[in-house]
Each structure stands twice: as structure tokens, then as C-alpha cells.
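The next block holds one structure in the form of C-alpha cells; read it before the comments.
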Amino acid sequence: MVAFWILSPIMVAAALGLLFARKAVHAALLLAVVMICLSVLYLVQNAPFLFVVQIIVYTGAILMLFLFVLMLVGVDASDSVVETIRGQRLMATVAGLALGLLLVLGIGQVSLGAVTGLSQANADGNVQGLAQLLFSRYVFAFEATSALLITAAIGAMVLAHRERLTPKLTQADRAAQRMRAYAEHGTHPGPLPSPGVYARHNAVDTPALLPDGSPAETSVSRMFTVRGTIRPASASDVRMLTASVGDAATTDQERQGER
Amino acid sequence: MSGTPFVVLSAILFTIGCVGVLTRRNAIVVFMCIELMLNASNLALVTFARVDGNLDGQVAAFFVMVVAAAEVVVGLAIIMTIFRTRRSASVDEASLLKY
């Protein structure tokens, strides 16, 4: 049982990290660690079917759903540290410790008895054994879960559904809008410039450089400007660019002097 | 190996999840802590199945997983709806039902 003694400290540490992680994304990743370790513990305890289901359903589907919603809600939405009820955090911690102490002491008092092991129950294979139970003794519970899953799916659709208040813009509408903007304000009707042109990197947060070395604002997403994570081009880049694209003999300073 | 260490680990994880639900403010993190509690109970169920030598505990753990999946879908949809109307995923913001 080496696996247990290796994995249990990792699991407890990751679960504690869940309590203290400021960012929700970190909490989700720590939960993934706990879940994968748990699946290994299932495998150790002769439950190969649950091992696979744990990884596919929990780590694969449920946690990805969590991350999906986190990205929709906004990764920056970190937890506030302000207590709304005074002393609530302290009291919750004390109550939690008391509960944990009670549980651990209670389990320590009882004896679970000799381990029978699953070698007999798993004789025909774990999946076959589970299937036999599911479709005989637990068949009504199994049918009820199917009803539950359908209800959950419909409920999620109803909750996430939003009535469209304005008519949907078609492609023709967008084209007409763009041409109207061109006629009224002279906005370029074509696509926006792509990021990184003439810059050293073509990452999406690196603005393209205009021939005079100034960054093209429209070439990067507005989000980067708001967050302030734009990587400006270095001065040597600009010098290289003006040397190769612009007039080879004139640098920025000389041009300033000419004016 | 006896089942007790596994059950103790499951109790510890359950407690941590409990404290998380009580202390965290972000609704999504609270949800994750609930998942941690469900997982901890699953570990205990699988351990009991091994100790008792039958597969009933594993079937129960399987049902817990199914219910957890359904619960997550509906819960996250509710969080999305709340976020859409209040622009916040904090559990403190959704206090309007009080008044």
C-alpha cells in the first residue's frame, strides 16, 4: 500500500490549497490533482471501473465544465478577502476542525473488521459484477438516474437560455454597416491588420509596427489594451524596421531634425 | 491493508470540503468544495465495498458520480444566470431574496 502513503499527503495538501487559493482557476487545478489521486486509490482498492469513470466523468467532464464556466465568468474574478459576517471565517474553521476531530476519532474507535477483499466479488471481472448488480437489484435506481439526467439537461437549457431582444445581425447587415461606417467616418472597410507584422514576435499581444516604428493600435485585441499586457516593440526593432522599410539613411532622430 | 486509513483520509477530505464551503466567497469555488465532499464520500464507499467484499459500495459510488454530474450541470447554469444578471459570482452578492 505504498500508493496510499504517497498519494494521501498530496491529496490533503491539494485539498488544503483549495481553501487558500486566491484564484478560482488554481482551485480547479488543485481539485483535478485530488481527483486524479483519488482515481488511483480506487484502482488500488480493486475498483477499475470507478477508476476509469472518475477520470473520464470527474476530471474530464465535470472539471472541464468548471473551467469553462470560470473562463466565461472571467478568470480575473478573484475572491474577496473581506468578511461579511464578523468572525465567520474563524467560527467556520473551528467548527470544521471539531467536525474533523469528531470524525477521525470516531473512525479510530470502531474496528472495520477483517478485510474480505474483492477477489471473490470481482471473479467474473469488476465491470461484469457491477453490471449484474446495476441491472438486477439497483435497476429502478438506475432508471431513476436516467430521468434525473434528462431533467438536469433540460433544466440547464432552460436556465442558460436567453431570449434574443434584438434581431440577429446577418452577414449582409454587417457588410452594410461596415460600408456605412466607411462612408460616414472613413473607417477602413477591410479586415483589421494582423498582430506582429514587422515586430520581432507575431504573438497576439504584440502590435504590428507601422513603417515609422509606431505600433498599430488596431492590430491587437482591445482586451490586451484594457489589461495593459501589450508587449511593445523594443527600440532596436524599431531602428531595424525604419532602416529596412523606411528610408535607409534616415533614422528617427534625423527625421525629427528635418522637421 | 485495513480500510481505516482510507476512511480517515476520506473524513479529512470531507472536513476540508466542509470548511471550504463555509469560508469561500466565490460561488464556483464553493461548488468545487462540494465536489470534494462528494468525492471523499465516494472514497469511503469504495473502501467499505472492499472491506465487506461485495460490490454494493462501488455501485453506490457510481450513483453518487451520476448525481454529481447532474448537480454540477444545473448548479453551474444557476451560477451563470446569477453572473449574467449581477455581474458577480460572489455568494454575498445574491442576497436580494432576503428582502
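Read-outs throughout are calculated quantities, based only on the coordinates presented, and are distinct from any laboratory measurement. Quick caveat: nothing in here was measured; it's all calculated off a predicted structure. Using ideal geometry, Cβ is built from the backbone for each residue, glycine included, and neighbour counts are taken over all protein chains shown.
Rounding to the nearest 10 and keeping the result within 0 to 90°, find how far the Cα-based axis of helix B:56-86 lies from the longest principal axis of chain B. Rounded to the nearest ten degrees, it is 10.
Angle of helix A:88-109 to the longest C-alpha principal axis of chain A, folded into 0 to 90 degrees and rounded to 10: 40°. Extension gain for A:Ile154-A:Leu105 works out to 13.3 nm (0.36 nm per residue, less the C-alpha to C-alpha distance). Diffusion coefficient of the protein assembly as shown by Stokes-Einstein, Kirkwood radius over Cα pairs, 20 °C, 1.002 mPa s: 86 µm²/s. Out of every Cα-Cα pair that chain B contains, those further apart than 15 angstrom amount to 67 percent. Scaling the Cα radius of gyration of segment A:52-157 by the globular reference 2.2 N^0.38 Å produces a ratio of 1.67. Note on chain A: GNM, Cα springs under 10 Å; of A:Gly17, A:Gly228, A:Gly155, the largest mean-square fluctuation is that of A:Gly228.
Rounded to the nearest 20, the Cβ-based charge dipole of the protein assembly as shown about its Cα centre (Lys and Arg +1, Asp and Glu -1) stands at 620 debye. Relative to the globular-protein estimate of 2.2 N^0.38 Å, the Cα radius of gyration of segment A:131-227 stands at 2.10. In chain A, the longest principal axis of the Cα atoms and the axis of helix A:235-244 are about 50 degrees apart. For chain A, modelled as a GNM whose springs connect Cα atoms under 10 angstrom apart, the maximal fluctuation among A:Gln88, A:Gln128, A:Gln45 occurs at A:Gln88. Comparing segment A:1-97 with the 2.2 N^0.38 Å rule of thumb, its C-alpha radius of gyration ratio is 1.28 (two decimals). Pick out which of A:Arg89, A:Arg180, A:Arg227 has the largest mean-square fluctuation in a Gaussian network model of chain A, springs linking Cα atoms closer than 10 Å. Maximum among the listed residues: A:Arg227. Working from label points 7 Å from Cα in the Cα-to-Cβ sense, the A:Ser194 to B:Leu22 distance is 5.6 nm.
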